[in-house]
Amino acid sequence: MKRFFLKGPSWKRSSVRLLSLVLAFVMLASLAGCSKPAAEPGQQVIELRLAHFFPATHPAETQLIQPWAKAIQEATKGRVKVTSYPNNTLLQSDAVYNGVVTGIADMGLSCFSYTRGRFPVLEVFELPGITYNNSKSASKVAWEGIKQLNPPEVQDTKLMMVFTTGSGDLFTKTPVRSMGDLKGMEIRATGLSAKTLSSLGATPVAMPQSEAYESLSKGVVKGNLGPIEVLQGWKQAEVTKYITKTPFMYNTLFFITMNKEKWNSLPPDVQTAIESVNQRFFDEVAIGLWDKQNEAAQKYAVEQHQMEIITLSPEETERWIALTKPVQDEYVSSIDKKGLKGQEILDKVKALADKYNQEYK
């Protein structure tokens, strides 16, 4: 029997081909291991469209929505895929909630205050005169409060989570050191913030944050009431010069919610997986999202754009707070007329604020 041996170039070429095949196999196996989980054969992937108004570069998209969507896909083993539509590409900010109700979007992120009067009970979380140390405290108060109150106005969707900006301040083109400086000034505001500004003699102008930069640059409005993060996240430090600290005036409540029918159509194990992800991202990301942004934005505004920070005197602060007290009274009266107990709701939220301000100092 003759034996044949590969010699010279033929042997080398065969070895190279074999080594190339092995390397290709290893690379494919590695890529497969790093890819996102796929649904099992025969299982249909549930595609969910999420609408919101933040820019694609905003932390609400990059630090919350995208990682949260990825975590849902992993937790459901590829059976659910959430696709985000930022920057009003699917729905305008004030149409998000109703768009989720009607099924234009499966999920949505926006502010309750963008549809004034649509969520009367939830306005309690944005009332002036309630102090929140930070967004962590305010977010915990809102989410726990909503679970306890279970208001009828949000029963037509499935709330995934709520979270807040925490307290906000005035950003203006001319300095506001006293109430006299504020009188007649056109200030961008929404929801109860607009009513608060009216009580102080300012002229509120309702518009979403996505329109504020252009309006400030053109002089349509002379200032904004909001969280400091807008100075960097929405570039408003470029078109304002002064920051007047008003922590007693502002808090904005955001929601992530889902179409009720779509939610009810999900298998129970998928619902359980999503709710587990929701709780984790609320605790680890959402409640502190604005604290990080506010701190970074204030530093950016002062160092990069030389914005001046104005602190009201104690006497001036008391004058402002006293004039906003009727906003709370009006809230209680309006809720009473709806057959609900307005003062009890307000007292509950104040008690929760005391509790969580102690926890998140």
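Where a number appears in this text, it was derived from the coordinates with a stated rule and is not lab data. Model, not experiment: these values are computed from the prediction. Backbone-built Cβ (ideal geometry, glycine too); neighbour counts: all protein chains shown.
Overview of results
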{"quantity": "Residue order, fewest to most surrounding Cβ atoms within 10 angstrom, among Thr324, Thr165", "calculated": "Thr324, Thr165"}
{"quantity": "Cα shape, the stretch 279-326, gyration tensor, a/c 1.5 rule", "calculated": "oblate"}
{"quantity": "Cα centroid separation, the stretch 56-108 to the stretch 138-191 (Å)", "calculated": "22"}
{"quantity": "Span-like helix ranges in the chain, DSSP H, alpha carbon extent 18 angstrom or more, Kyte mean at least 0.5", "calculated": "8-34"}
{"quantity": "Residue exposure sequence - Ile130, Ile321 - by fewest surrounding Cβ within 10 Å", "calculated": "Ile321, Ile130"}
{"quantity": "Contact order normalised by residue count of the stretch 80-164, Cα under 8 Å, 6+ apart, percent", "calculated": "24"}
{"quantity": "Gain in span if fully extended, Ala296 to Glu316, counting 0.36 nm per residue against the direct Cα distance", "calculated": "4.4 nm"}
{"quantity": "Answer label for Rg and Dmax of the Cα atoms in Å (calculated), chosen among (i) 21.5, 66; (ii) 26.0, 110; (iii) 20.6, 64", "calculated": "(ii)"}
{"quantity": "Efficiency of FRET between Thr203 and Glu74 - r from beta-carbon atoms, R0 45 angstrom, step 0.05", "calculated": "0.40"}
{"quantity": "Spin-label model distance (nm) - Asp354 vs Leu159, 7 Å beyond Cα toward Cβ", "calculated": "2.3"}
{"quantity": "Estimated distance in nm for a label pair at Lys245 and Gln279, the labels positioned 7 Å out from Cα along Cα-to-Cβ", "calculated": "3.8"}
{"quantity": "Helix-only CD estimate at 222 nm, as mean residue ellipticity for the chain, using -39500 (n - 2.57) per DSSP H run (n ≥ 4)", "calculated": "-14500 deg cm²/dmol"}
{"quantity": "For Phe254, Phe125, order by how many other beta-carbon atoms lie within 10 Å, fewest first", "calculated": "Phe254, Phe125"}
